[in-house]
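Have a look at the structure below, then the notes.
The values are calculated or read from the model by the stated rules, or taken from the named source; none is laboratory data. Computed from a predicted model, the values in this text were never measured in an experiment. Cβ placement follows ideal geometry from the backbone for every residue including glycine, while neighbour counts extend to all protein chains displayed.
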């Protein structure tokens, strides 16, 4: 008795659901999702004007909690026969700006349908780029048509329109350093540190800031052991500290603020355990880490900071002090040491060298003057 040959199915039956209406569809084997979408569109008589650039509505197929990409093979997705595919019309949100990053040759997409590109201020765009990239605002500049964009202007002043690309250029020779900081390779990062003391200190502050953004605990631990403070503002590059101008507000952000804002609890815990007074540090908007955590709705960091900020710290024979009081005492002691060093030198001060935390560096290097000197920020390796 001969066995009957198995008949291989060439189609797969699925159902579509659109606004309460249901229909069946036989999908040929090997059909792409884009073609299946067109078949459902014809079945439900859905009209979408693809030529109208102002019409942002697009048709998508939704299954298992995810949208199906048009380039995928529909029958290879593991969808069982007889399943129901939801047909949805969504509003397409296109990027209003593209930011090309020179350090990794990638684009950052600025997506905000309510954003008016011509009226956007440069300082706000730099803030947005810093949050997207994880870099401090003091290590990059924005360039359009070979012209640097300055904070006091709007994009309209430079002829920037929606959908165009702006270059993000960092300090020359910093490409590898930035990428290593992002990846958290501690030995390689330390090998990239400059031999000049002032530049080296700024680079380590930048490395700690990036580690706080990306959650690189090992890199952050090594930098803290090198004496970099988590509550110290990132500040400007030493070549820009020679003049007293109003800096970008994001230069007053410290690594502890960056870790809190990005919900990096591991790095935040490391910083607080090393120096509990960092929870009292204020950023440019006069916000402490706890205020940032509550505004960003990052519950793990908020709970951790809440328990630490209102705790008591044992101070030997003096008993216990609140974190707020201890922070003020440490601040007073730091100022006293700097004044003593300035007046008596190393003989009566515990400081053995001048600090570079604030003030203009008029004697260091060649100053960078906006619009006058050639900028050393071109993103070259």
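Overview of results
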item	result
Any chance residue 147 is under 17 Å from the mean Cα position of the chain (by Cα), farther than 30 Å from residue 17 by Cβ and at pLDDT 90 or above	no
Residue tally, condition in a loop (DSSP other than H, G, I, E, B) and out of contact with any strand residue (DSSP E or B) (no Cβ under 6 Å at 6 or more places or on another chain), over the range 150-165	9
Of all residues in the range 73-86 being part of a loop (DSSP other than H, G, I, E, B) and out of contact with any strand residue (DSSP E or B) (no Cβ under 7 Å at 6 or more places or on another chain), the one that is surrounded by the most Cβ atoms within 10 Å (Cβ to Cβ)	77
Among (1) more than 30 Å from residue 150 (Cα to Cα); (2) without any contact (Cβ under 8 Å) to a residue 24 or more places away in the chain, the one test that residue 268 misses	(2)
Condition broken by residue 179, with the remaining ones in (1) assigned to a helix (DSSP H, G or I); (2) under 22 Å from the mean Cα position of the chain (by Cα); (3) without any contact (Cβ under 8 Å) to a residue 60 or more places away in the chain satisfied	(3)
Qualifying residue in the range 338-358 (condition: at pLDDT 85 or above and in a loop (DSSP other than H, G, I, E, B))	no
Answer from 99, 89 - the residue that is part of a strand (DSSP E or B), in contact with a strand residue (DSSP E or B) (Cβ under 7 Å, 6 or more places away or on another chain) and touching a residue at least 60 places away in the same chain (Cβ under 8 Å)	99
Among the candidates 268, 326, 239, residue that is at pLDDT 95 or above and not in a strand (DSSP E or B)	268
The range 208-228, residues that are outside any helix (DSSP H, G or I), surrounded by fewer than 21 Cβ atoms within 10 Å (Cβ to Cβ) and either in contact with a strand residue (DSSP E or B) (Cβ under 8 Å, 6 or more places away or on another chain) or on the phi < 0 side of the Ramachandran plot (or both)	226, 228
Hits in the range 275-322 - residues which are closer than 16 Å to residue 230 by Cα and not in a loop (DSSP other than H, G, I, E, B)	276, 277, 278, 279, 280, 289, 290, 292, 301, 305, 308, 309
Residue in the range 45-53 that is at pLDDT 90 or above and farther than 30 Å from residue 162 by Cα present	no
Unmet criterion (only one of (1) surrounded by 17 or more Cβ atoms within 10 Å (Cβ to Cβ); (2) not in a helix (DSSP H, G or I)) for residue 195	(1)
Hey, residue 222 in contact with a helix residue (DSSP H, G or I) (Cβ under 8 Å, 6 or more places away or on another chain) and under 27 Å from residue 263 (Cβ atoms) or not	yes
Pairs, first farther than 15 Å from residue 280 by Cβ in the range 303-317, second part of a helix (DSSP H, G or I), C-beta under 6 Å, six or more apart	none
Unmet criterion (only one of (1) touching a helix residue (DSSP H, G or I) at 6+ places or on another chain (Cβ under 6 Å); (2) at pLDDT 90 or above; (3) in a strand (DSSP E or B)) for residue 62	(1)
Pair list, Cβ < 8 Å and 6+ apart or interchain, from the range 366-381 residues that are in the same structural domain as residue 140 (by TED's automatic domain parsing) and within 20 Å of residue 168 (Cβ to Cβ) to residues that are modelled with pLDDT under 70 and in a loop (DSSP other than H, G, I, E, B)	none
Matching residues, the range 102-120, being without any contact (Cβ under 8 Å) to a residue 40 or more places away in the chain and either surrounded by 15 or more Cβ atoms within 10 Å (Cβ to Cβ) or more than 30 Å from the chain's Cα centre (by Cα) (or both)	110, 115, 120
Filter result for residue 172 (within 21 Å of residue 375 (Cα to Cα), outside any helix (DSSP H, G or I), touching a helix residue (DSSP H, G or I) at 6+ places or on another chain (Cβ under 6 Å) and touching a residue at least 60 places away in the same chain (Cβ under 8 Å))	no
